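Have a look at the structure below before the remarks.
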Amino acid sequence: MASKPKTRSTTATAAKDVEALEDATASSDGADMLGEANVEEEENPNDLIEAVCDVIRNDIQNEIDAAQFIAIEVDETTDVTNKAQISVILRYVFNAEVKEAFMGFDDVSDDRRAAAISEYILRVLEKHKCVEKLVAQTYDGAAVMASELNGVQAKIKEKVPEAIFTHCYAHKLNLVLLHSAKCIPECKVFFKTVEGLGAFFSKSTKRTHLMDNVIKQRLPRAAATRWSSNSRLLQTISLYYSDLRELFHIINEHPENWDNDTLMMATGFDRWLSKASTCFFIMAYEGIFHQTDALFRVLQNKVMDIGFCCEKIRETLQTVEHIRQDFDGFYERFEQKCAGLGLTDNARGNQSQRDERKRMFYNILDNVSVQMKARFDHFDELAFVSLVNCTQFDKMANHFDDAKLSSLAKYARFFDLVRLKTDLIGLYGSQTLRNECKTPGQLLRFLAQNDLTQTIPEVTKLLHLILTIPATTASVERSFSALKRLKTYSRNKTDQGRLSSLATISIERERLVKLQRNKEAFYDKVTDLFAQKERRVELIYNQCLTSPEPHRTSLKIILNELRGFRQEIKAEFAKTNKRLDEAESRIEGNETKLQDIEEAVSAMLRVQEQLQEKLIDQECRSTRENIRIYGIPEGAEGSARGMVVFIENLLRENLGIPVTTEMHIERAHRALGPQPPPNAKPRSIIVRFQSYRMKEEVIRLAWQKKGFSLDNHKISLDHDYAPAILSKRKEYAEARHTLKENKIRFQTLYPARLRVHYDGGQVTYETVEEATADMASRGLPVKVIEKPTSLWERIQRGAWQTARPRRATSAGRTRSFNEKLQMFRRSSDNTGNEKEGERTIMAVVIVEGPATHSELEAFPQTCYRLDTSTMAEQLENQTLEQLKRLEVEKQQEIKNGQKAVQVKEKELSEAQKAVLSNEVELKDIDPV
């Protein structure tokens, strides 16, 4: 029995009903409350999801039917409910492009043996009618999958002998690095310490906060199954080596702020970083990781063919062997870095450290080479891949290698080998292919674009075969990321079918977007599949499709309802477009205003920069006769009055200035600020000369001697620069540190420029942004500082700042109201009269919120208080009072005007009456 068609209102609330049903099905209590009547409605959301997923699967099936070969990638993981979820990916070539299609997740927790998994894989292949097309299978290295006797790959080969097994190359490379480190005890201890260093900061928020403040960079976490994470961790430690040591020194210098475990571990890590052997292992493995990381990125790209991956593996192996032969260059770089970091190491026995480290260097690289050769040893069975190596066409045109062609014997039922050889010989002679094609993928696309696939069909099939064989299971591992997003602890009761459908929609989103380009066809397919789902109440749409005689009346009702929907949607669109137009006009006006404001602010910033430059210039001119002396201990000068004599004697004794030469020191004093603690860095001494020439002569003599000593304290002299210039010069700190490490000579020029003497010549940088960018382009490890681009960054960069930051109150507490008041008060006697030498000023104290009675009494008569919490209300009341007063005055003026008009009208009427009476009298008089 057909149900009555739904109205517009019921359809509009369908989405809300679906959300309510999903919330109810999340708990068993909600499902019981719904009862049997709502079972069908609960299934509707899943039916719609499955319908969308079926459209995607049908599109995948069409591509699989058109593909010549199929490869399968399988892997298994455990979800949040401890269920074993198996993921299957099919790889094939369609329209000259490599495709990897996700087939879904399935629960294999009941039986994870090789027989059960192989049967599951064969069922998937039979479902998609591609068992005969299977040419390759790729899994990880688990025994149940990779065993040649009773593993999954062996059981698949019993059904499909052509399905060669490829152990995931990325997994193999991970095993190479893992076992090469475990085989050498020193390397094993080294990597355990590296992992412990990363965990030391990640397990404590307090340590992480300290690291953010000191280094401003966090250490990445290391994963035991992914050695690329160990590479990132090792490179980060190498980059911030000095900063890490400084961080551990800070922890040890303040033991009262840390617990015993932190202090003990910080001391251990500091000792570990202070050893030259640690730097040796870091540099040795950095060279290896630079090559393996690049290889990892190649292997994890799904479009890479297996031939290209094999070639990159051979190149990596050759590079590792080349690194082994350059120990002298490596050790020279190692010694330079140790000297720059100040690292030392104790001698061991009679054998020199160089010979011992040479032996360790060779052991590390030999271990990696042996592991790679042992694990990547099956390239001979893939020799046919090089038949379409575009870079070797010149060589193969002169000599055809029949041995490579014979390696295709396992695929003999797919190829005509005689014709294939003829096609390849003709292909090798094409100069156009040599110039335009570099990889098998490019070669296949070239043949497809020029309609040559039917001309040389055997070569086309060979290209399809090579591109189909996978090298890794990276796509399967990416599907596990989608599984973690879909099935979480808060959403762990998701049905297996729903989970697989949602994962398909998420992973195949590019395919879904492509299908949605033709919206009408896509929606029709989804509707047809949704209508075919089994349910208690049959839909009219379904009845009309399945009935031999369609119900025309029902179709007309549906058509009229759809037309009504269309009109309502058009009306809603019209309203929405009108609102959008209004919003766009407002936005356009606001953008214009904002642009005007930005131009005004930019002009103000330019003026401010000019004024700031003039101010800095004036400040520098006022201190051009000054010098600063650094390193003199506190109290060494005796009293403050004897500072000039102390400085004069100090300079004469250490710089060799004759007694007959007048120093012309006007004054000398310590830099302003509180006296530092006993063990802290002493304040500098500012000395002002009356003669600029004498000051320059003192600076010259001090720089020639490169400073001098006073009671075992290093004393240095420099110009008394303005604070703005000093801050600009400090921005070059990291760049100067990098240049020192690389032994590159440089000079810091006035006011804040950097001159660097490279091997190819000297370069002068005007700004730190220019310096870091050029140094990074030259390969120096320096952080590039970007120029301020936005208006806000320019404002922050050019904003006026106080000469000295405001000190925090004791114990870091917030100042009270009375304490803030003391900043604005000036002492006076009880009678209100000013003391001698002092002034009473009038201050306006602005505070937030009302003050207490005692706080108000604390105000002197010369201070006033303004409460910002009532400021707006007071202004509003004053404005309203003024408006009312103006309105009353306006009304009064109107009344006065009306009265004046009435008086004038009365005078006018009396004048008219007088004129009429005069005219009557004139008529009565007879003419003479």
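The values are calculated or read from the model by the stated rules, or taken from the named source; none is laboratory data. This is a predicted model, so every value here is computed, not measured. Please note: Cβ atoms are built from the backbone with ideal geometry, for glycine as well, and neighbour counts cover all protein chains shown. We work out accessible area using only protein heavy atoms, side chains counted, and drop any ligands, DNA or RNA first. Shrake-Rupley method; radii C 1.70, N 1.55, O 1.52, S 1.80 Å.
At a glance:
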read-out	value
Subset of segment 254-267 [open to solvent by 40 Å² or more (accessible area, probe 1.4 Å) and in a helix (DSSP H, G or I)]	255, 256, 257, 260, 261, 264, 265, 267
Among residues of segment 721-772, those that are touching a residue at least 60 places away in the same chain (Cβ under 8 Å), in contact with a helix residue (DSSP H, G or I) (Cβ under 6 Å, 6 or more places away or on another chain) and closer than 27 Å to residue 332 by Cβ, counted	1
Residue in segment 681-701 that is small (Gly, Ala, Ser) and free of Cβ contacts under 8 Å to residues at least 40 places away in the same chain present	no
Within segment 500-528, tally of residues that are more than 28 Å from the chain's Cα centre (by Cα), in contact (Cβ under 8 Å) with a residue 12 or more places away in the chain and open to solvent by less than 40 Å² (accessible area, probe 1.4 Å)	5
Test: residue in segment 359-373 that is within 30 Å of residue 243 (Cα to Cα), in contact with a Ser or Thr (Cβ under 9 Å, 6 or more places away or on another chain) and surrounded by fewer than 13 Cβ atoms within 10 Å (Cβ to Cβ)	no
Selection status of residue 538, more than 45 Å from the chain's Cα centre (by Cα) and either within 22 Å of residue 90 (Cβ to Cβ) or at pLDDT below 85 (or both)	yes
Qualifying positions in segment 382-417 - touching a residue at least 60 places away in the same chain (Cβ under 8 Å), part of a helix (DSSP H, G or I) and open to solvent by less than 70 Å² (accessible area, probe 1.4 Å)	382, 384, 385, 386, 387, 388, 411, 414
One residue from 308, 330 being out of contact with any Phe, Trp or Tyr (no Cβ under 6 Å at 6 or more places or on another chain), touching a residue at least 12 places away in the same chain (Cβ under 8 Å), open to solvent by 60 Å² or more (accessible area, probe 1.4 Å) and among the aromatic types (Phe, Trp, Tyr)	308
Neighbours by Cβ (under 6 Å, 6+ apart or cross-chain): first from segment 629-646, closer than 22 Å to residue 707 by Cα; second modelled with pLDDT under 85	643/637; 646/637
Some residue of segment 576-584 being under 30 Å from residue 713 (Cβ atoms), open to solvent by less than 70 Å² (accessible area, probe 1.4 Å), polar (S, T, N, Q) and free of Cβ contacts under 8 Å to residues at least 24 places away in the same chain	no
Enumeration of residues in segment 422-473 that are of a type in the set (Gly, Ala, Ser) and either crowded, with 23+ Cβ neighbours inside 10 Å or free of Cβ contacts under 8 Å to residues at least 40 places away in the same chain (or both)	426, 429, 430, 471
Residue within segment 333-356 that is under 30 Å from residue 433 (Cβ atoms) and not polar (S, T, N, Q) present	no
Residue ID - least open to solvent (accessible area, probe 1.4 Å), chosen from residues in segment 66-94 that are assigned to a loop (DSSP other than H, G, I, E, B) and modelled with pLDDT under 90	79
Qualifying residues in segment 589-627 (those that are charged (D, E, K, R) and assigned to a loop (DSSP other than H, G, I, E, B)) - the one surrounded by the fewest Cβ atoms within 10 Å (Cβ to Cβ)	624
Search result, residues across segment 185-225 that are assigned to a loop (DSSP other than H, G, I, E, B), under 21 Å from the mean Cα position of the chain (by Cα) and in contact (Cβ under 8 Å) with a residue 12 or more places away in the chain	215, 217, 218, 219, 220, 221, 222
Hits in segment 132-149 - residues which are assigned to a loop (DSSP other than H, G, I, E, B) and at pLDDT below 85	140, 141, 142, 147, 148, 149
